[in-house]
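**Q** I have a structure I would like to understand better, so I am pasting it below and will then ask my questions one at a time.
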Amino acid sequence: MLIASYLALAAILFVIGLMGVLTKRNAVIVLFSLELMLNAANINLVTFSKMGLVPNLNGQVFALFNVVVAAAEAAVGLAILFAIYRNRETIDAEKFNLLKG
Amino acid sequence: MEITGEFIAFFILSILAICGAVFMIFFTNVVHMGVSMAFTFLSIAGIYFLLNADFLAVIQIMVYTGAISILMLFGIMMTRHKETEEKLNRPIHYGLSIAGAGVLLVSLVLLSRGATFVSDAVDTKGYGIEKIGELFFGTYMIPFELASILLLVALIGSIIIAKKEGQE
Amino acid sequence: MMNKVFEQIEWSLLTPETTIIAGIVLLLLTDLVLPASISRRWFGFIGLASILGSLAFVVSQLPLKPAEILFGTYRLDPMSLVFKLLFLTATALILLVAMDRKKGDKTDRYIAEEYILMLSALLGAMFLASSVDVITLFIGLELLSISSYILVGMRKHERLSTEAGWKYVIYGGVSSAFFLYGYSFLYGLSGTTNLFTLGQSLAEVVQSTQSDLFIVASLCLMLVGFAFKISLAPFHMWAPDVYQGASSPVASFLAVVSKAAGILFLIRFLLIGMYPLLRSEVWGENIMWALAILAAVSMIVGNTVALRQQNVKRILAYSGIAQAGYLFIIFPSLQSNLIFVSVGFYLVVYMLMTIGAFAIVHVVSKDTGNEELTSFDGLVRRSPGLAIAMTLFLFSLAGIPLTAGFIGKVNLSLNTFASGQMWLLISTLLVTTVISYYYYFRIVQRMFVEKATSDQKVPISFFSALTILVVVLGTIGFGIMPDLLLSKLETVKWGYGLIPLEGIQQLKN
């Protein structure tokens, strides 16, 4: 199996995640897309940990750390989202526009 | 390219992962989006199995497919939302985002195709959970401890922000 | 076998960090045990005590013996020491300002958590300062970031605060994703997370394989991530929104500690991990151009967009973007060792004036209820001391002679000038500085010319006043006698932060 296919898969997922963050209106889906971007980075790390120039386990360990970070980020993001929802009864990311100038 | 079991498995899993992600972009029903993302995360776990990252694959299923997907679905259910999602009302932003993402996609995929420098045959016998544990509690002990504080902080933060006021 | 590993480690190196952790635990437990009816306003002293304790431990590590734990996942060297001192001092000052609260403030319920989060953010920054391993650097940065997300969003009754928190989470997460995705390629080429090993393997890889494209791609992706964290244009759009939504002490924390941490991360990454590339001609020039463009765009965007802002915090945010740009003019000329002295001096000065300006915004907005320019109307007639201090900070930010900001800017430009042909950057700095006078003077004009809306003194707590006094003294003192600080910074052996431990021992012999 070629390493290029794994890298291409990660690249596609990364870009789709970025698309989601930029264009989605439902804020929960925006958070989801963010997780997808972090996952794409993890696929890369794990791929290189098997097929890189210097294959070793460090990549997998780094990926595990990223899972921790991503989970923490998702929890905090969702909590803030609930606070916003209590304030103004919407989670439409397009309406989060009080701050501008 | 010869067709091996790994190739077939990779083909199916990556199709599933990409379809899940693409459907997330194009579905209009928000719950469907969430479920299709869960499928993507599950397929990524399969990819990890292919790459001899068994422990990570299990973690992926537990954390992403399990915890995070459910958390997000709860997030969708507990907030009032439009059943169907409309497009952004900002055409310039939308167009620029698609164009930028397209350019990034093409360049990254072209880049991946150039990855010919790597060694394909690796001894992955040592890639077990024991080795991972040794790394965690040996070399990476300090970031590991730091990660525990990070989780504590995230816990405290989520509670104080999401907690409903007015009840003790 | 495991026990041996534990015994060989000098855990005493970690005392400054452990003190902060002890402070966090103490705050948590005290908050839990204390009945809800008792005021928690004095909790700031616990935080302050742990910071001062940590500061004492850092100082007690002098004279410094560079050391490493576990392959550089923790490392003590002159560079990390200086940055730790900076982070600790800044957080102590900010904590003093944060203790100045309105009576019956709704956020008082979560006062313990607020201080805990400030300490944990500080802890992340401190670990980031003392590491040359990408995993520790990254986890430290994330601890800093996640604590900051919560700090920004925790005033949950205010729509602006939660929205700012949301934007910060998303932009911060995207920047982390870019950084990780970019780093994954370097991991593929080197198979390591240690920056020194990374540098060595990149040196070999560049000569032997066709991997240039990968390095370019990962560098670009990572620079996007770094630029987000340091809020360099064109990746700055989150900063004004987040600063506006956050409380003023938190905003100054983001402006000072987060930014300095990001800059330190970038310095270590470029000068250790990317060192072989920087030395080669083709690479060196490309990377330098990328950094030069970031610096120039930041200076231009920061200073011009600030012109049409009405909110003082937004103005300070754009000013911070421009200041980061000023700081970055020196990066393209990475050869000389002088850059660290200039960067260090500028960071200290930037810390002083930013904390001072935000402290005054905090005090004033606490009284008027908003941070619009109009709330500064006629401040000189209400509290002349505050108005004069604010003028001083704004002059220093603008870089008017006799203030520390002026010395810092001159120092940066001279050292850039001495080391290269980046005259274009220096002229951008001069032109944008002149532009920036307009918006700084606009605030000054508001304070001195406009009519006051009330004639009462702005109430100010002892601790805010103390902070402002300290910061004023620093801003004037380093403006008139910069040698006090410069001579100290010149004796620091910055280079030790960029070479492996064995290298340091060889140098000493």
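Any read-out appearing in this document is the output of simple, stated calculations on the displayed coordinates, not a laboratory observation. These numbers come from a predicted model, not from an experiment. With ideal geometry, Cβ positions are generated from the backbone for all residues, glycine too; neighbour counts draw on all protein chains shown.
**Q** Return the sequence-ordered ³J(HN,Hα) values of the stretch C:284-298 in whole Hz as given by the Karplus equation 6.51 cos²θ - 1.76 cosθ + 1.60 applied to θ = phi - 60°, using x for Gly and Pro.
**A** With the stated coefficients, the stretch C:284-298 comes to x, 5, 4, 4, 5, 5, 4, 5, 5, 5, 4, 4, 5, 4, 4 Hz.
**Q** In Å and from the alpha-carbon atoms only, list the Rg and Dmax of the protein assembly as shown.
**A** Here Rg and the maximum Cα pair distance are 25.3, 85 Å.
**Q** By count of other Cβ within 10 Å, fewest leading, how are C:SER50, A:SER33 ordered?
**A** In order of increasing Cβ crowding within 10 Å: C:SER50, A:SER33.
**Q** Checking the a/c ratio against 1.5 first, then a/b against b/c, what shape does the Cα gyration tensor give for the stretch B:1-87?
**A** Oblate.
**Q** Test of understanding: ordering B:PHE10, A:PHE48, C:PHE358 by Cβ neighbours within 10 Å, fewest first, what list do you get?
**A** Arranged by neighbour count, lowest to highest, B:PHE10, A:PHE48, C:PHE358 become B:PHE10, C:PHE358, A:PHE48.
**Q** Okay, moving on. In µm²/s, what is D for the stretch C:13-508 at 37 °C and 0.692 mPa s, where D = kT/(6 pi eta Rh) by Stokes-Einstein and Rh is the Kirkwood radius from Cα pairs?
**A** 143 µm²/s
**Q** Let me ask something else. Where is the GNM fluctuation largest for chain B (alpha-carbon springs, 10 angstrom cutoff): B:VAL31, B:VAL22, B:VAL153?
**A** Ranking B:VAL31, B:VAL22, B:VAL153 by mean-square fluctuation puts B:VAL153 first.
**Q** Give the Rg/Rh ratio for chain A, taking Rg as the radius of gyration of the Cα atoms and Rh as the Kirkwood radius, to two decimals.
**A** Reported Rg/Rh, Kirkwood definition of Rh: 1.11.
**Q** With everything on Cα atoms, drop me the angle between helix C:312-328 and the longest principal axis of chain C, reported from 0 to 90° to the nearest 10.
**A** 30 degrees
**Q** Quote the charge dipole size of the protein assembly as shown about the Cα centre in Debye, to the nearest 20; the model charges only the Cβ of Lys and Arg (+1) and of Asp and Glu (-1).
**A** So the magnitude is around 2080 debye.
**Q** Measure nothing fancy, just the Cα-based angle from helix C:338-368's long axis to the longest principal axis of chain C, in degrees from 0 to 90, nearest 10.
**A** With both axes taken from Cα atoms, the answer is about 30 degrees.
**Q** Please list the helices of chain B that count as membrane-span-like by this rule: a mean Kyte-Doolittle hydropathy of at least 1.0 together with Cα atoms stretching 27 Å or more along the helix axis, each helix being a complete DSSP H run.
**A** Those that pass (Cα extent of 27 Å or more, hydropathy at least 1.0) are B:5-26, B:30-50, B:91-113, B:141-162.
**Q** Determine the shape class of chain B: with a ≥ b ≥ c the square roots of the Cα gyration tensor eigenvalues, call it rounded for a/c under 1.5, and otherwise prolate if a/b is greater than b/c, oblate otherwise.
**A** oblate
**Q** I'd like the mean, over residues of B:58-64, of how many other protein chain beta carbons sit within 10 Å of each residue's own Cβ.
**A** Whole-number average of other-chain Cβ neighbours for B:58-64 is 4.
**Q** At 7 Å along the Cα-to-beta-carbon direction for both C:ILE476 and C:HIS157, put a label point, then send me their distance in nm to one decimal.
**A** 3.9 nm
**Q** At what distance in nm do the modelled label points of C:LEU507 and C:LYS65 sit from each other, each positioned 7 Å from its Cα along Cα→Cβ?
**A** 1.8 nm
**Q** Sticking with this structure for a sec: Kindly provide log₁₀ I(q)/I(0) values, in the same order as q = 0.27 Å⁻¹, from the Debye equation applied to equal alpha-carbon scatterers of the stretch C:355-408.
**A** -1.04
**Q** On a 0 to 90° scale, report how tilted helix C:404-419 is relative to the longest principal axis of chain C, with both axes built from alpha carbons and the result rounded to the nearest 10.
**A** That works out to roughly 20 degrees.
**Q** Next up: Say each of C:LEU32 and A:THR90 gets a label point 7 Å from the Cα, pointing the same way as Cα to Cβ; how far apart are those two points in nm?
**A** So the two model labels end up 4.2 nm from each other.
**Q** Related question: Leaving out same-chain residues fewer than 8 places away, which lysines sit with a Cα under 30 Å from that of B:LYS125?
**A** A:LYS50, C:LYS4
**Q** Ranked by Cβ crowding within 10 angstrom, fewest neighbours first, how are B:ARG80, C:ARG382 ordered?
**A** Ordered by Cβ neighbours within 10 Å, fewest first: B:ARG80, C:ARG382.
**Q** Under the classification rounded if a/c is under 1.5, otherwise prolate if a/b is larger than b/c and oblate if not, where does the stretch B:126-168 fall, given a ≥ b ≥ c as square roots of the Cα gyration tensor eigenvalues?
**A** Prolate is the answer for the stretch B:126-168, as a/c is 1.5 or above and a/b outweighs b/c.
**Q** Moving on. Within straight cross-link reach of C:LYS65, meaning Cα distance under 19 Å, which aspartates and glutamates are found once same-chain residues fewer than 8 apart are removed?
**A** C:GLU10, C:GLU17, C:ASP77, C:GLU490, C:GLU502
**Q** For the protein assembly as shown, with the dipole built from +1 on Lys and Arg beta-carbon atoms and -1 on Asp and Glu ones, taken about the Cα centre, which of A:ILE91, A:ASN58, A:TYR6 lies farthest toward the positive end?
**A** A:ILE91
**Q** Among B:THR65, B:THR40, B:THR139, whose mean-square fluctuation peaks in a Gaussian network model of chain B (Cα, cutoff 10 Å)?
**A** Greatest mean-square fluctuation among the candidates belongs to B:THR139.
**Q** May I pose another question? Per q in 0.14, 0.23 Å⁻¹, report the Debye log10 I(q)/I(0) for the stretch C:192-232, using one uniform scatterer on each alpha carbon and no solvent.
**A** Debye output, listed in q order: -0.40, -0.84.
**Q** A further question follows. Go ahead and estimate [θ] at 222 nm for chain C from helices alone: -39,500 (n - 2.57) per DSSP H run with n ≥ 4, summed, over the residue count, rounded to 500.
**A** Taking each H run of at least 4 residues, the total per residue is -24000 deg cm²/dmol.
**Q** Okay, helix-only estimate at 222 nm for chain B: each DSSP H run of n ≥ 4 adds -39500 (n - 2.57), divide by all residues, round to 500 deg cm²/dmol; what do you get?
**A** So the calculated ellipticity at 222 nm is -22500 deg cm²/dmol.
**Q** Set the bar at 18 Å for Cα to Cα. Now go through C:LYS313/C:LYS366; A:LYS24/C:LYS259; B:LYS164/C:LYS313; C:LYS259/C:LYS488; A:LYS24/B:LYS164 and name every pair that lies beyond it.
**A** A:LYS24/C:LYS259; B:LYS164/C:LYS313; C:LYS259/C:LYS488; A:LYS24/B:LYS164
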